[in-house]
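Taking it in order: structure first as structure tokens, then the write-up.
Only the coordinates and a few stated rules stand behind these numbers; no lab work does. Computed from a predicted structure; not experimentally measured. Every residue, glycine among them, receives a Cβ derived from its backbone with ideal geometry; neighbour counts consider all protein chains shown.
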Amino acid sequence: MESKDNIALSVRDLKTFFYTNNRCNKAVNGVSFDVEKGKTLCIVGESGCGKSVTAATIMQLLPTLSRIEEGEIKFRKNDEIINIEKLEKNGKEMREIRGSDIAMIFQDPMTALNPVYTVGFQISENLKYHTNLNRKQIREKCISLLSDMGIPLPEKRVDEYPHSYSGGMRQRAMIAMAMACNPKILIADEPTTALDVTIQAQIFELMDKLKKENDTAIILITHDMGVVAELADNVAVMYMGNIVEAGTADDVLRRPTHPYTKALLESVPVLGRGKNQDINPIKGSTPDPYNRPIGCQFAPRCNWQTESCDIMPEISQINETHQVRCHKYEQFFEKYNEKRNSKIT
Amino acid sequence: MKKEILKLRDVKVHFPIQAGVFNRVVGHVLAVDGVDLDIFRGEVLGLAGESGCGKTTLGKAILRLVEPTGGEVKYISKNEEETEITSLEKKEMDPFRKKLQIVFQDPHSSLNPSFTIFGSLQDPLKKFGVKSKEERRKIIGDLLEAVNMRREYMDRYPHEFSGGQRQRIGIVRALCLEPELIVCDEAVSALDVSIQAQVLKLLMQLKKEKNLTYLFITHDLSVTEYLCDRIAVMYLGRIVELCDSEDLYQNTLHPYSEALISAIPVADLDKQTKRIVLEGDVPSPVNPPKGCPFHPRCPKAKDICKTDVPKLRKYSTNGKEHYASCHLIDLPEIT
């Protein structure tokens, strides 16, 4: 895994805190991950676990009352490595990266587009700042982007306003906007949560295509384990500002080792398993971010809680790709190995 | 013996579109366009479909929260008296309001923020003759305990509760008049997955204890499969397929249901199937396509689909009734 060339973005020990009313919310509290070129990293978690803040931190789009406390975000641009966290938020360098090298698709296509500008104008803005194309070329590029996204009659649609687009088309326009400058990294923050499943399937098909054709690294933020199973190469499960488990999709979905990942997988009904499947809700609810449990954040809701959980567990490496943050992971992992061995014999 | 609790016959809800200085009616949104449906006592009937297909409107039309513009909704009581409820006067409707209740979609906007929980929940009890305050407090307190919340919570305000707790209060509100049928309108869609499972389990447990019937409206087919006995799939204001929940996944008849099922991401690496990607969006219900409403997006569409509207026909799969409306089904029709 040491072939560093294919790592597009590497985040190490990132901490982002929010300060309101003299209190501090440790929204992202020590997060590390790598994103490889042409691969999809899915960040999964419930609302409030810090997954969107992680994305906003990478883009330096944090609100005023928050700041990056520690850690580094290393972005590989061609052959040089840029430390994003050291750049000024609105400085020239950051603005050069934002939108052209790292682009983002926002959650809600209904509100992310500006209603008083045409869709074409909003896509061309990106090209105007980041490329040397002239007006005519920009317009042609806009039209070709829209037709790539499968929007019918792009020559006409490019001059329309967002209100005459449907939800799925708006999301596709958002993707067109993000893809305008062929970014190295695409961050998609719950891109299909507001959409229907049939439209969601269209968007996923599109993202798959982009990944294969342009070798783009994708960070997909979602709360749906189904989406993870379909799209992810690598998975990071977040809970209360920490990555509790990370690994390849195969590692995390087939051999979940953290109690939270396990519980999350058991709490959703899976299509095709019929009425007799057992779903187990996770007890309690996510803690108040201002009043966190000491030690392991999941301990109060965990069925395997022990005294040692009062200390925050360190990251343990199970194999080359699979990491987990739990004191008792060995016991879990042994269970899987036993099961697997018993199946083989 | 299966006994009906509700019979819907050709229910239509058309919303007028008004325009111009004199508010002339220039067209109609055909939100629900001719639905026939029987709901049996003690079952969980799922109503699935994409946004804008009319599933919420149908749910509301049953309770007359939206007035149906055509068709009949018949309520059949325990001793088999039939009453047509769409033509009743406001006062006459009251006893049926008690029997038919609803849990709303968004737990954040369906509770009045300026009332305590008790203040919000006591009104229906007052209206239906629970005169003493102590008794009302007792009923609500008992129900709060039944949904795993503390009795004291009734004197708190909605903002003090999390989404899952609010949804449970919504369930208490629906339960306090001891209804027979509850329409759950996307009752778990706004909740996080771990909380969603809690509410689903609670709904199932209450159903057993209180002998309830649910009409479960949702866009999430994995939830319907887990929860429902039968599932109706809606598209553009019509039911396109209605069958036993397991049959819908094993013997899918309608191409729309097939595409819908294949589009759902499954959290199981061993069960990955090829997605059937439908082109385009759901057409506008103001001006639905001629013929089969699904034909512009249907991968299997033939010429007949463009001209003739398919009827909901009865077939048999796995020895069970299976309704579907498609011209291209090869099974023998049962009359």
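Below, the figures for the structure above:
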{"item": "Unit charges at the beta carbon, dipole of the stretch A:120-271: most positive-side option, A:168, A:246, A:142", "result": "A:142"}
{"item": "Cross-link partners of residue A:77 among lysines (Cα-Cα below 20 Å; sequence separation of 8 or more within a chain)", "result": "A:4, A:37, A:39, A:86, A:89, A:92, A:184, A:211, A:212"}
{"item": "Fewest-first sequence of B:32, A:197, B:26, B:66 by Cβ atoms within 10 Å of each Cβ", "result": "B:26, B:66, A:197, B:32"}
{"item": "Antiparallel content of DSSP bridges confined to chain A, in %, to 5", "result": "65"}
{"item": "P(r) of the stretch A:120-277 over all Cα-Cα pairs, binned every 5 Å from zero, in whole percent", "result": "1, 8, 16, 17, 17, 13, 10, 7, 6, 3, 1, 0, 0"}
{"item": "In degrees, nearest ten, helix B:133-146 long axis to first principal axis of chain B (Cα)", "result": "50"}
{"item": "Largest-first principal axis extents of the Cα set of the stretch B:254-335 (Å)", "result": "41, 36, 21"}
{"item": "Peptide-level mean, for A:194-206, of C-beta atoms on other protein chains within 10 Å", "result": "6"}
{"item": "Built amide H within the under 5 Å cut-off of residue B:317, gap 5+", "result": "B:322"}
{"item": "Rg(Cα) / (2.2 N^0.38 Å) computed for the protein assembly as shown, rounded to two decimals", "result": "1.02"}
{"item": "Total charge dipole magnitude, the stretch B:254-335, about the Cα centre, Cβ charges on Lys, Arg, Asp, Glu only, Debye to nearest 20", "result": "140"}
{"item": "Reciprocal mean inverse distance between Cα atoms of the stretch B:190-335 - Kirkwood radius, Å", "result": "17.0"}
{"item": "Relative intensity, log₁₀ I(q)/I(0), of chain B from a Debye sum that treats every alpha carbon as a point, q = 0.09 Å⁻¹", "result": "-0.52"}
{"item": "On Cα atoms only, tilt of A:119-130 relative to the major axis of chain A in degrees", "result": "90"}
{"item": "Sorted largest first, extent of the stretch A:1-119 alpha carbons per principal axis (Å)", "result": "43, 41, 31"}
{"item": "Mean Cα-pair separation over length for chain A, i.e. relative contact order, pairs under 8 Å, 6 or more apart, %", "result": "19"}
{"item": "Isolated Cys residues of chain B, judged by Cβ distance under 4.7 Å to other cysteines", "result": "B:53, B:176, B:184, B:228, B:243, B:298, B:326"}
{"item": "With at most 12 neighbouring Cβ atoms within 10 Å, loop GluC sites (Glu not before Pro) (DSSP) excluded, longest segment of chain B", "result": "B:90-278"}
{"item": "Helix A:329-344 axis, angle to chain A major axis (alpha carbon atoms, nearest 10°)", "result": "90"}
{"item": "Relative counts (whole %) of C-alpha pair distances in the stretch B:1-158, using bins that are 10 Å wide", "result": "9, 28, 30, 25, 7, 1"}
{"item": "DSSP bridge orientation in the protein assembly as shown - percent antiparallel, rounded to nearest 5", "result": "65"}
{"item": "Point-charge dipole on Cβ atoms (K/R +1, D/E -1) for chain B, about Cα centre, debye to 20", "result": "760"}
{"item": "Kirkwood Rh, angstrom, chain A [1 / mean 1/r, Cα pairs]", "result": "21.5"}
{"item": "Average Cα contact separation per residue, the stretch B:254-335, under 8 Å, 6 or more apart, as relative contact order %", "result": "23"}
{"item": "Shielding score for B:84-96, defined as the mean number of other chain Cβ atoms within 10 Å", "result": "0"}
{"item": "Per-residue mean of C-beta atoms belonging to partner chains within 10 Å, peptide A:155-165", "result": "0"}
